[in-house]
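Worksheet: the structure to be examined is printed underneath.
The values are calculated or read from the model by the stated rules, or taken from the named source; none is laboratory data. Computed from a prediction, not measured in an experiment: that's the story for all the values here. Counting neighbours? That spans all protein chains shown, and the Cβs are built from the backbone with ideal geometry, glycine included. These area figures cover heavy atoms from the full protein model, side chains too; ligands, DNA and RNA do not enter into them. Shrake-Rupley method; radii C 1.70, N 1.55, O 1.52, S 1.80 Å.
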Amino acid sequence: MQLTLWTYEGPPHVGAMRIATAMNDLHYVLHAPQGDTYADLLFTMIERLPKRPPVTYTTFQARDLGGDTANLFKNAAKESFERFKPQAMIVGASCTAELIQDDPGGLSKALNLPIPVIPLELPSYQKKENWGASETFYQIVRHLTVQDTKISAATHISQRQEKIAAGKKPSCNILGPTALGFRHRDDIKEVTKLLTMSGIEINVVAPQSASPADITRIPQADFNVVLYPEIAQSTASWLSRMYGQPFTKVVPIGVNATIDFMKEVATLAGISEEKVLKEIKSNSSWYARSVDSTYLTGKRVFIFGDATHVIAAARISRDEMGFQVVGMGTYSREFAKDVREAAKSYGLEALITDDYLEVEEKVAELSPELVLGTQMERHIAKRLGVPCAVISAPVHVQDFPARYAPQMGFEGANVMFDTWIHPLMMGLEEHLIMMFREDFEFNSNVPASHLGHVGGAQTSTNAVPDSPAYFETEVPVIHQEQHEQEEKLSSHEQVTTQQIIVDGQAPWSAEALKELGKIPFFVRGKARRNTEKFAQEHGMQQITLETLYDAKAYYSR
């Protein structure tokens, strides 16, 4: 057993909660102990939803385990129906309640409620959150569309073709967006805009904002758009078998993928591809070719997250930004095969793990110049001093911005360009500040020019003491014993070295440390590590200016 502070995914009943929270007029009765209500905070605090999730917990306690916990569940289900009057209900057990072996499905069936009650069997100790969300959505669609399975898939297809021949526009469902999804709210708007612009009607968006009544209309559409395979692929595959509805395979993240997606949609809808593509407008394509972005070409990037966003981000990084993908991986074990195949095209071996410490070790080993990941990788990158942009769940409150910020479609490509590039561009600006901070007109003691001589006079009386050009938290403070040893050195040696001793490593001279400070911060850590490694391998007792240049030449071969 391994203790952990962070986890990429919760148990599968949290996935079921994401589906229930996304939908309207659906209620979830969860057999769970007191304390499992913590999950409410995920939606009200992180996603900032104005309402609690539509979930009733049985909240049994330790003293209840010796009594009738089954009756506790039946009362909770009956009272939930009477209070909330939902169109349908899903019932299941949390990981803890699973151990007491009550049967929420059978117990709720005995109540004979006048609405569909859908039992969920989510093995908490074998599966995770995204699988739970996928299975819940699949069971809801399968139970609520059962009346339309009385006719064959071929009959469904012929009925839809007759409608189109009669002049009705082609239609589709948008499947996959849920509560707590990374930018799902804005992705729906962007993809809906693309589809309606192409003359395609949106039949149902599900599970986000859909009611059980809306779910029953899903078979009426001509095809399905799968935005997030982790959530909707199982459902779309079943709909394809039962109703003959084809579904999209391309996820429209990035300019090239969006163009491919629109071509695929045109084929499925039977409309002109040329008509669909003529409306394309994207700023990111131009910016990616601009002069500024040439500074970014060849930057080494590490990518980690769910399968959908990792595969898309790798394609954008290489084909649209000009980055070099040096590592990629996912915590989505159900889609490990897809990520492994994608990684092969970049000459890489995918990292498949849900251990964030393993991911951190890989990032440190590869020393990328940019990390694209989840909130976990954001923290990892911060500790390692590497710029990072969040591209995937798990998410935190800052990933639900007040502004419109999709990831999909052409506007999504613009948003990603800004999100990914700005950390690197800011690095360049900071580099310039560090380079010129000692010039007389840019000295930190000189006031802002708009303050004139008054500001200068005021500031000069409160002059800030000179400080070294380079600070880094990893460089330890000089120990007193080491300081006393330095005082014993000759005055010449003190002037030329001013050593700072680092445990287990050769010390840096002041000149070398100052030169290191001129290197942009986002590559400074790597330059320092390479130089120290070079000094250690060559048995050097001190890192001088020459050592820094020699190490640079050595690793540039």
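Observations, loosely collected:
- Full extension of the chain between Glu546 and Asp40 yields a length gain of 176.3 nm, computed as 0.36 nm times the residue separation minus the alpha carbon distance.
- Here is the list for region 50-154: trypsin sites (Lys or Arg not before Pro) lying in DSSP coil, each with at most 15 other C-beta atoms within 10 angstrom of its C-beta, are Lys51.
- The residues neighbouring Gln126, those whose beta-carbon lies less than 15 Å from its own, together hold a net charge of -4 under the Lys/Arg +1, Asp/Glu -1 convention.
- Per residue, in Å², the accessible surface of region 36-75 once ligands and nucleic acids are set aside, probe 1.4 Å: 57
- Whole-angstrom Cα spans of region 294-344 along principal axes, big to small: 37, 17, 14
- Between Ile164 and Glu79, full extension at 0.36 nm per residue minus the direct alpha carbon distance yields a gain of 26.0 nm.
- Residue-normalised accessible area of region 156-201, given per residue in Å² at a 1.4 Å probe: 41
- Kirkwood Rh, angstrom, region 1-76 [1 / mean 1/r, Cα pairs]: 14.0
- Qualifying chymotrypsin sites (Phe, Trp or Tyr not before Pro) in region 312-356, DSSP loop, other Cβ atoms within 10 Å at most 15: none
- A viscosity of 1.567 mPa s and a temperature of 4 °C, combined with the Kirkwood radius over Cα pairs in Stokes-Einstein, give a translational diffusion coefficient for region 10-144 of 88 µm²/s.
- Summed side-chain charge close to Val415 - residues other than Val415 whose Cβ falls under 11 Å, Lys, Arg +1, Asp, Glu -1: -3
- About the Cα centre, charge dipole magnitude for region 25-148 (Lys/Arg +1, Asp/Glu -1 at Cβ), debye: 240
- Distances between every pair of Cα atoms in region 130-235, grouped in 10 Å steps from 0 to the bin holding the largest one, split as 14, 46, 33, 7, 0 percent.
- Compactness of region 79-184 was expressed as the Cα radius of gyration divided by 2.2 N^0.38 Å, which yields 1.40.
- Only protein atoms count toward the accessible area here, which uses a 1.4 Å probe; on region 50-182, the carbon and sulfur part of that area reaches 50 percent.
- Excluding same-chain neighbours fewer than eight residues apart, the lysines reachable from Lys514 by a Cα-Cα span under 18 Å are Lys526, Lys552.
- Counting Lys and Arg as +1 and Asp and Glu as -1 over every other residue whose Cβ lies under 14 Å from the Cβ of Asn71, the net charge comes to -3.
- Over region 317-364: Kirkwood hydrodynamic radius from C-alpha pairwise inverse distances, Å: 11.4
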